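The structure appears right after this line, and notes come after that.
The values are calculated or read from the model by the stated rules, or taken from the named source; none is laboratory data. Being a predicted model, the structure only gives us computed values, none of them experimental. Neighbour counts are summed over all protein chains in view; Cβ atoms, including those assigned to glycine, are modelled from backbone coordinates with ideal geometry.
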Amino acid sequence: MAVEPLRGTEPIENPGFSYLPRFITEAESEALLQYFGSLKPLWESRYVGDRATREGQGSRRLTRPVYWLGAWQFACLGYYSAPNHLEEKCLRAEPMAPGLVSILERLAPKLAEHQTAEERGQQPNTCLINYYGSELTRDAKGRVQPVDLARLKMHRDGEPGPVVMFSLGQPALFEFVDGAKPETPELSVWLANRSVVILSGPHYKDSLYHRVVRVRHGDSPVMPTVLDDFRLRRISVSFRFVPEEHIKSLREFSADAQAQVRGYVAQLAASSPHFEAELNGTQLPTRLP
Ligand SMILES: O=C(O)CCC(=O)C(=O)O
C-alpha cells in the first residue's frame, strides 16, 4: 500500500535515515544561493561522441544541469561505485566552498552517528550540486513553453559510507523504493527548503533506491538564474566520500576517457581556472623545446 508523504516539517530519525528540517540558516542559504548562482552547471549526457553511436543510445541528456566540487563524476564515464567501478570515474575538481565545509563541520556529530567505526575517518570530500527546474523552450510562434524536468530517477549512490544532502528552494518529493516494487515507496517525504538528509547503512543506502519525484512551484526563496533558457526552482547538494587515490587529473585518464570528457572540461574551463589548468595540462607541446 502506498504511504502518505510526510510533510517535512518535523525531524525524522530512523536507523540509516535522518531528516533535519531548518538545519541550514537563512543567512547560509542566502550566501549559498549567491555562490551556486555564480557557477555554470553542465547539461551532461550519458553517452557522448562515438559511444552514443556505438551503443545506439543517442545522447540521453540528464534531467538537470549539475556541478561537482572535489571530484567531478561525468555521467558518460559511469559513476563511481565500490567495489567494482573505481578507476577513471573521478576527475579532480574545484575545492569545496568554505560555506559548504562549515555546514559539514556542524553536521559532524550527526554524521558520526551514521558512520561505522571504519568509516569515521572518511569525511565527505566531494559533492554533487543538482539544479532542478524547467527548460524554457519556444513554440512555433516564439512563445515560451516551460518544460518541467525537475525530477531524478531512482538510483543508489555507490560511494562508500553515508551520503549527506541538503535542499534549497521549493520542496521536493523524495522517496525510497524497493527496486522490485518501485510503485509503492517505503518512505516518502517532502524535503523542505534548508533541510538536511543523511542516509547510510545496509537498508536506506545499500538496498533501497531513492528518487526525486517532483518539485513544487513557488517563488520564495528567489532562485538565481544559472543558465539561459532554464528556470531554476530547487538546488540539492549531496556530499560523498571518495578515496583520494581514485581522484585523478585529466592527464592521468586513458586517451578514450579523456576524449569523452574533453568537451565538458573545455566548457568548464571557460569560467574556471581550475579546469583551464586541467585542460592545459593535457595539451601536447606544439613545438619541441
Ligand atoms: O535532490 C535530492 O534531494 C536528491 C539528490 C540525489 O539523490 C543525489 O544527488 O544522489
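Out of all the residues in the range 135-150, is one or more within 10 Å of the ligand (Cβ to nearest atom) and part of a strand (DSSP E or B)? Taking every residue of the range 135-150 in turn, none turns out to be within 10 Å of the ligand (Cβ to nearest atom) and part of a strand (DSSP E or B).
What residue, of G121, G78, is over 14 Å from R240 (Cβ atoms), out of contact with any Phe, Trp or Tyr (no Cβ under 8 Å at 6 or more places or on another chain) and at pLDDT below 95?
That would be G121, the only listed residue that is over 14 Å from R240 (Cβ atoms), out of contact with any Phe, Trp or Tyr (no Cβ under 8 Å at 6 or more places or on another chain) and at pLDDT below 95.
Going by the conditions given, is V242 among the β-branched types (V, I, T) and closer than 30 Å to P171 by Cβ? Yes. Residues of the range 20-48 that are among the polar types (S, T, N, Q) and either under 27 Å from L208 (Cα atoms) or more than 20 Å from the chain's Cα centre (by Cα) (or both): T25, S45. If you go through the range 4-19 and pick out every residue that is within 30 Å of E135 (Cα to Cα) and either surrounded by fewer than 19 Cβ atoms within 10 Å (Cβ to Cβ) or out of contact with any Leu (no Cβ under 7 Å at 6 or more places or on another chain) (or both), you end up with 6.
Working carefully through the options L128, L111, L100, find the one that is crowded, with 19+ Cβ neighbours inside 10 Å, within 15 Å of the ligand (Cβ to nearest atom), modelled with pLDDT of 95 or more and in a helix (DSSP H, G or I).
L100
The residue that is farthest from L149 (Cα to Cα), among those in the range 232-247 that are touching a Pro at 6+ places or on another chain (Cβ under 8 Å) and surrounded by fewer than 21 Cβ atoms within 10 Å (Cβ to Cβ), is P243.
Quick check, is S238 within 16 Å of the chain's Cα centre (by Cα) and small (G, A, S)? Write out each step before concluding.
Details: within 16 Å of the chain's Cα centre (by Cα): yes; small (G, A, S): yes.
Yes.
Pairs meeting the criteria (first residue in the range 143-162 and touching a residue at least 60 places away in the same chain (Cβ under 8 Å) and of a type in the set (K, R), second residue within 15 Å of the ligand (Cβ to nearest atom) and assigned to a loop (DSSP other than H, G, I, E, B), beta carbons under 7 Å, at least 6 apart or on different chains) are R151/T63.
Against the criterion of being more than 27 Å from E276 (Cβ to Cβ) and surrounded by fewer than 21 Cβ atoms within 10 Å (Cβ to Cβ), D229 does not qualify.
Evaluate the range 198-220: report whether one residue or more is of a type in the set (S, T, N, Q) and within 13 Å of the ligand (Cβ to nearest atom). Scanning the range 198-220 turns up no residue that is of a type in the set (S, T, N, Q) and within 13 Å of the ligand (Cβ to nearest atom).
With the condition kept exactly as written, say whether any residue in the range 188-197 is in a helix (DSSP H, G or I), within 13 Å of the ligand (Cβ to nearest atom) and within 18 Å of the chain's Cα centre (by Cα).
Keep residues of the range 188-197 that are in a helix (DSSP H, G or I), which gives none.
Within the range 188-197 (the criterion being in a helix (DSSP H, G or I), within 13 Å of the ligand (Cβ to nearest atom) and within 18 Å of the chain's Cα centre (by Cα)), the answer is no, since none of the residues qualifies.
Does the range 231-264 hold any residues that are part of a strand (DSSP E or B), within 16 Å of the ligand (Cβ to nearest atom) and either on the phi > 0 side of the Ramachandran plot or out of contact with any His (no Cβ under 7 Å at 6 or more places or on another chain) (or both), and which are they?
Taking the range 231-264 and keeping what is part of a strand (DSSP E or B), we get 231-240, 247-248.
When the remaining residues are screened for being within 16 Å of the ligand (Cβ to nearest atom), the result is 232-240.
Those that are part of a strand (DSSP E or B), within 16 Å of the ligand (Cβ to nearest atom) and either on the phi > 0 side of the Ramachandran plot or out of contact with any His (no Cβ under 7 Å at 6 or more places or on another chain) (or both): L232, R234, I235, S236, V237, S238, F239, R240.
Please go through the range 3-19 and pick out each residue that is more than 19 Å from the chain's Cα centre (by Cα) and touching a residue at least 40 places away in the same chain (Cβ under 8 Å). Write out each step before concluding.
Of all residues in the range 3-19, those more than 19 Å from the chain's Cα centre (by Cα) come to 3-16.
The answer is V3, E4, P5, L6, R7, G8, T9, I12, N14, P15, G16.
Pairs linking a residue in the range 265-282 that is touching a residue at least 24 places away in the same chain (Cβ under 8 Å) and more than 21 Å from P65 (Cβ to Cβ) to a residue that is of a type in the set (S, T, Y) and part of a loop (DSSP other than H, G, I, E, B), with Cβ atoms under 9 Å and 6 or more positions apart or on different chains, are G281/S249; T282/S249.
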